[in-house]
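Let me begin by presenting the structure, written as structure tokens, before commenting on it.
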Amino acid sequence: MSQLVQAASSLHELPETALVVALVGQPNVGKSSVFNDLTGQAQYVSNWPGKTSEPKSGTCDAGGRQVQVVDLPGAYSLSANSSEERLVRDFLIHQQPDVVALIVNATALERNLYLLAELLALPLKIVIGLNMVDVAAQQGIVVEPHVLEAALGLPVIPLNAARSHGVAELIQKAACVAADPQQDAPNRPEIRADHRSVLQALQYLITPYVPEPYPVDWTALKLLEGDRQITEMVQGQLGEQWPPVHAILMQHEDAILAIAGGRYEWIGRMVRAAVTQPRAGQLTLTDRIDRVATHPLGGMLILLGILGVLFWLTYALGTPLQTWLDVHLVQAGSVWAQGVLQGAPAWLTGLVVNGIIAGVGTVLTLLPVLLIFFAALGILEDLGYMARAAYVMDRFMHLMGLHGKSFLPLFLGFGCNVPAVMGARSIESPKARLITILVTPLVPCTARLAVLATLAPIFFREQALLVTWGLVSLNLLVLTGVGIILHEGFLGGEHKAFIMEMPLYQLPNLHSIGVSLWQRLVDFMKMAGTIILVVSVLLWALSTFPGGTIQTSLLGLVGQKLEPLGRIMGLDWQMLVALVTSFVRKENTIPTLAVLYGVGTQGAGLAEVLSSRLTQPAALAFLAVQMLFIPCMATLATIRQETKSWRWTVLSVGLLLAISLAMGIAIYQGAALVGWE
Amino acid sequence: MLFKHHRHHHDRALHHGPAQELPLNQLPSGVAAQVVQVNGGHGLINRIASLGFTPGAEVTLLQNYGHGPLIASVRGSRLALGRGEAEHILVKVLEA
């Protein structure tokens, strides 16, 4: 709802004369390309349902008239089956745009026109953009726009949104239609005769009670369809007058099936002359690829293969680049800054070198890995493969209370949590997206695994591998548990029916991938320049002042005060402080411990001190906490950016803090109970 | 062989007599059928129907391995659906 309000308020800032055109369409119709093309605003274009989950708007010009284009999320119908559908219809009813530009995909025209059948029940002016005619032709489907236009009685403009053909004509047409006081009466789907009298009876009963701006006939139709939201609204308005309405509805419980059937019958008549279908039984390229890509075993192998290549690329290309940046950006930058700041007060050098460069610089070294992940995600999405990966993994993800589409982002989390959180954008249901984002930090990223790999052998020697494996499994177990609890618990355990469109495979549009890659990088850089800069400096200040060293800093002092908490887990205050400094970058744990225990940063001294200070149960508790702890600040900043909510960000921190500390305590105390020391 | 359509998995289901009705999840892949009825709650019926599964619609399964989700072709588009959802869609096999 807040998104709607936002969209509404931005509309108010426009000059009164600006024309409002709402872009509407089902998922996978190329609607976002049309929007980008019109407004010049690079926005993420997707082949995976639901990329545009909040209304974005931009302005363009149509024959000298300013047009405000609002990009509404992809919706299959106006039936409030998903939050996107609710958003679209709320916008259309409450904001009443001057014209609706409906984008349809010629490769699945019948299903796409179902949305038109729904739109025609509302008092709207409509123009249709017929997209992907060329792709349809490759499939042997020939669509004639003029014939369709004549049948529907609505303007139909052929588009090739990927090459921006026809987009200008579409908006010109929309402006014409808006100027026309009465659009030619379009063809409308008819309602079955017996339902027509039912609708009349319903209208008679509800007319005085339907609140503005809901059209009465539309409200009656949605009641008959059994739409939950409208039913609740009308029931609330009617109060004691509800029972007679309810009685009518009970008699026609499955009316929706007849209504939907009627719409498709109408669609069938509309497209009969305009569309030539391919010979039946022809195997398309998509069918052939899907035989392997969605095969229970073959699909899994392909997915594993793709992930293998992706991680190989990361390690072969991303990690060396990251190291290179670390040396030439962070380290060289530090040396350079120290040189420039010679003679400056020590705090200034500290601020620049240990605060800004160490924090922001380190986060920037993540760029190559992010670039690889985002490029790969973009290509896979554009290809149409993402829906297949989700299909193959859905069963397993369901066991974790998650959606199949959560798999890829979460898996990316093993490389780095940042792209994992950003990758969750492609999950259409806001709830499922939020759950995915909240559990992502429980996927151990490379940096955390590196710390584990360094510390485990110090404490556990031969059993180090077993401990490592056990702790990674623990993370995944906790992830599953949290996923199920979040899903069943306070996010309302609605089990969404698993129905998902499998788009046609297509060659990726490299231009649009490049655009979205650039957008994500800009987002990330902005974050590094703002929130991460502030947090880095803050954390540096906390670990420096007032005493000048970390032992005598505020952080150190608080750590010492918290020693009793540490004791419950068998930990020194030094280890608590190391957990906090790992917030800047997870690898920080080790140098912090070295400084606090007064040994050189070279591992050897540290190993001796650590193994003498900590018993094995305490070490296990520490490693478990470290693995489950609050993610690094880059991840947290991304969570804030993606959820657009401080509440969820803070909740995420609280959740992970509680889980990790509880686990540490449970391990240490549990070990004491069974007499392991 | 691995990636061939597993038509034989459900051949049994076809020998019940002419034009028998069966839930979509029991329809063997590659066999043309027609939707007869959709059952379930309002929300589910609405979602399934608006995607094209209405009585009279022709449907063919592109994939049904007897377990896991299936892929259906209906009204010119490909839809993946869970077995539970498919169970709510009653179809009758069309004579070839």
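The values are calculated or read from the model by the stated rules, or taken from the named source; none is laboratory data. Note that the coordinates shown come from a computational prediction; the quantities given were computed from them, not determined experimentally. Every residue, glycine among them, receives a Cβ derived from its backbone with ideal geometry; neighbour counts consider all protein chains shown.
When you check A:V275 against the structure, is it of a type in the set (V, I, T), over 30 Å from A:G415 (Cβ atoms) and surrounded by 14 or more Cβ atoms within 10 Å (Cβ to Cβ), yes or no? Before the answer, list the steps.
Details: of a type in the set (V, I, T): yes; over 30 Å from A:G415 (Cβ atoms): yes; surrounded by 14 or more Cβ atoms within 10 Å (Cβ to Cβ): yes.
So A:V275 passes the test.
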Quickly run through the stretch A:121-153 and pick out the residues that are within 14 Å of chain B (Cβ to nearest Cβ) and in contact (Cβ under 8 Å) with a residue 40 or more places away in the chain. A:A121, A:M132, A:V135, A:Q139, A:G140, A:I141, A:V142, A:V143
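Limited to the stretch B:58-83, what total is found for residues that are on the phi < 0 side of the Ramachandran plot and more than 7 Å from chain A (Cβ to nearest Cβ)?
Residues of the stretch B:58-83 that are on the phi < 0 side of the Ramachandran plot, as a first pass: B:58-65, B:67, B:69-74, B:77-83.
Pick out the ones that are also more than 7 Å from chain A (Cβ to nearest Cβ) and you get B:58-61, B:64, B:67, B:70, B:72-74, B:83.
Result for the stretch B:58-83: 11.
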In the set A:G350, A:G343, A:G333, the lone residue that is surrounded by 12 or more Cβ atoms within 10 Å (Cβ to Cβ) and over 36 Å from the mean Cα position of the chain (by Cα) is A:G350
Determine whether A:V467 is buried (at least 20 other Cβ atoms within 10 Å of the Cβ), more than 26 Å from B:H88 (Cβ to Cβ) and either away from chain B (no Cβ under 14 Å) or in contact with a helix residue (DSSP H, G or I) (Cβ under 6 Å, 6 or more places away or on another chain) (or both). yes
Considering (1) modelled with pLDDT of 85 or more; (2) assigned to a helix (DSSP H, G or I); (3) away from chain B (no Cβ under 14 Å); (4) touching a helix residue (DSSP H, G or I) at 6+ places or on another chain (Cβ under 9 Å), say which one A:P444 fails and leave the rest. (2)
Does any residue in the stretch A:653-667 that is under 10 Å from A:I568 (Cβ atoms) come within less than 6 Å, Cβ to Cβ, of a residue that is in a helix (DSSP H, G or I) and of a type in the set (A, V, I, L, M, F, W, C) six or more places away or on a different chain, and which pairs are these? A:G664/A:A621; A:G664/A:A624; A:G664/A:V625; A:I665/A:I568
Just to be sure, is A:P508 away from every other protein chain (no Cβ under 14 Å), surrounded by 14 or more Cβ atoms within 10 Å (Cβ to Cβ) and not in a helix (DSSP H, G or I)? yes
Say whether the condition of being over 30 Å from the mean Cα position of the chain (by Cα), surrounded by 14 or more Cβ atoms within 10 Å (Cβ to Cβ) and within 14 Å of another protein chain (Cβ to nearest Cβ) is met by at least one residue in the stretch A:284-300. yes
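Considering each residue of the stretch B:45-59, count those that are more than 13 Å from A:L78 (Cα to Cα) and either under 11 Å from the mean Cα position of the chain (by Cα) or part of a loop (DSSP other than H, G, I, E, B) (or both), and give that number. Explain how you work it out, then say what you get.
The first filter runs over the stretch B:45-59 and keeps only residues more than 13 Å from A:L78 (Cα to Cα), leaving B:45, B:48, B:52-59.
Okay, now just the ones that are also either under 11 Å from the mean Cα position of the chain (by Cα) or part of a loop (DSSP other than H, G, I, E, B) (or both), so B:52-59.
Of the residues in the stretch B:45-59, 8 are more than 13 Å from A:L78 (Cα to Cα) and either under 11 Å from the mean Cα position of the chain (by Cα) or part of a loop (DSSP other than H, G, I, E, B) (or both).
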Long-range neighbours under 6 Å by Cβ, at least six apart or interchain, first residue outside any helix (DSSP H, G or I) within the stretch A:620-636, second of a type in the set (S, T, Y): A:F629/A:S660
Just give me the residues in the stretch B:80-93 being surrounded by fewer than 20 Cβ atoms within 10 Å (Cβ to Cβ), under 15 Å from B:F53 (Cβ atoms) and aliphatic (A, V, I, L, M), in sequence order. B:L90
Hey, does the stretch A:110-123 have a residue that's surrounded by 19 or more Cβ atoms within 10 Å (Cβ to Cβ), modelled with pLDDT under 90 and assigned to a helix (DSSP H, G or I)? no
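Out of all the residues in the stretch A:189-214, which are surrounded by fewer than 17 Cβ atoms within 10 Å (Cβ to Cβ), touching a helix residue (DSSP H, G or I) at 6+ places or on another chain (Cβ under 8 Å) and not small (G, A, S)? Talk me through it step by step, then tell me what you get.
The initial filter retains those residues of the stretch A:189-214 that are surrounded by fewer than 17 Cβ atoms within 10 Å (Cβ to Cβ), namely A:190, A:192-194, A:196-197, A:200-201, A:203-204, A:207-208, A:211-213.
Subsequent filtering for residues that are touching a helix residue (DSSP H, G or I) at 6+ places or on another chain (Cβ under 8 Å) retains A:190, A:192, A:201, A:203, A:207, A:211, A:213.
The answer is A:E190, A:R192, A:Q203, A:T207, A:P211, A:P213.
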Here is a list: A:L102, A:L115. Which entry is away from chain B (no Cβ under 13 Å), under 26 Å from the mean Cα position of the chain (by Cα) and either of a type in the set (S, T, N, Q) or under 26 Å from A:G262 (Cβ atoms) (or both)? A:L102
Members of the stretch A:412-437 found to be in contact with a Leu (Cβ under 6 Å, 6 or more places away or on another chain), of a type outside the set (G, A, S) and under 20 Å from A:G481 (Cβ atoms), listed by number: A:K431, A:I435
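Which of the residues that make up the stretch A:152-186 are among the small types (G, A, S) and crowded, with 17+ Cβ neighbours inside 10 Å? Give the derivation first.
First, the residues of the stretch A:152-186 that are among the small types (G, A, S): A:153, A:161-162, A:164, A:166, A:168, A:174-175, A:178-179, A:185.
Across the stretch A:152-186, the qualifying residues are A:A161, A:A162, A:G166, A:A174, A:A175, A:A178.
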Out of the residues in the stretch B:32-48 that are among the small types (G, A, S) and free of Cβ contacts under 8 Å to residues at least 12 places away in the same chain, which is farthest from B:R75 (Cα to Cα)? B:G41
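Conditions (1) of a type in the set (S, T, N, Q); (2) in a helix (DSSP H, G or I); (3) in contact with a strand residue (DSSP E or B) (Cβ under 7 Å, 6 or more places away or on another chain); (4) closer than 22 Å to A:L370 by Cα, marked per residue:
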residue: A:V451; (1), (2), (3), (4): no, yes, no, yes
residue: A:Q463; (1), (2), (3), (4): yes, yes, no, no
residue: A:T480; (1), (2), (3), (4): yes, yes, no, no
residue: A:I485; (1), (2), (3), (4): no, yes, no, no
residue: A:L521; (1), (2), (3), (4): no, yes, no, yes
residue: A:V535; (1), (2), (3), (4): no, yes, no, yes
residue: A:L538; (1), (2), (3), (4): no, yes, no, no
Looking at the stretch B:57-96, which of its residues are farther than 21 Å from A:R111 by Cα and touching a Pro at 6+ places or on another chain (Cβ under 8 Å)? B:N64, B:Y65, B:H67, B:G68, B:R83, B:E87, B:E95
From the list A:L72, A:L78, A:L92, which one is assigned by TED's automatic domain parsing to the domain that holds A:L120, under 24 Å from A:L257 (Cβ atoms) and in contact (Cβ under 8 Å) with a residue 12 or more places away in the chain? A:L78
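Matching residues to (1) under 35 Å from the mean Cα position of the chain (by Cα); (2) surrounded by 14 or more Cβ atoms within 10 Å (Cβ to Cβ); (3) at pLDDT below 95:
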{"site": "A:G226", "(1), (2), (3)": "yes, yes, yes"}
{"site": "A:E232", "(1), (2), (3)": "yes, no, yes"}
{"site": "A:G239", "(1), (2), (3)": "no, no, yes"}
{"site": "A:H252", "(1), (2), (3)": "no, yes, yes"}
{"site": "A:I256", "(1), (2), (3)": "yes, yes, yes"}
{"site": "A:I259", "(1), (2), (3)": "yes, yes, yes"}
Condition check for A:V330: closer than 15 Å to A:W540 by Cβ and among the hydrophobic types (A, V, I, L, M, F, W, C): yes
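In this structure, does A:M569 turn out to be among the aliphatic types (A, V, I, L, M), at pLDDT 80 or above, in the same structural domain as A:G664 (by TED's automatic domain parsing) and farther than 30 Å from A:T436 by Cβ? First the steps, then the outcome.
Values: among the aliphatic types (A, V, I, L, M): yes; at pLDDT 80 or above: yes; in the same structural domain as A:G664 (by TED's automatic domain parsing): yes; farther than 30 Å from A:T436 by Cβ: no.
Considered against the rule, which asks whether it is among the aliphatic types (A, V, I, L, M), at pLDDT 80 or above, in the same structural domain as A:G664 (by TED's automatic domain parsing) and farther than 30 Å from A:T436 by Cβ, A:M569 comes out as no.
Residues to consider are A:A162, A:A137, A:A175; find the one that is outside the structural domain of A:R272 (by TED's automatic domain parsing), within 30 Å of the chain's Cα centre (by Cα) and more than 18 Å from A:I267 (Cβ to Cβ). If you could, list the steps in order and put the result at the bottom.
Working: A:A137 fails: within 30 Å of the chain's Cα centre (by Cα); A:A175 fails: within 30 Å of the chain's Cα centre (by Cα).
None of the others qualify; the one that does is A:A162.
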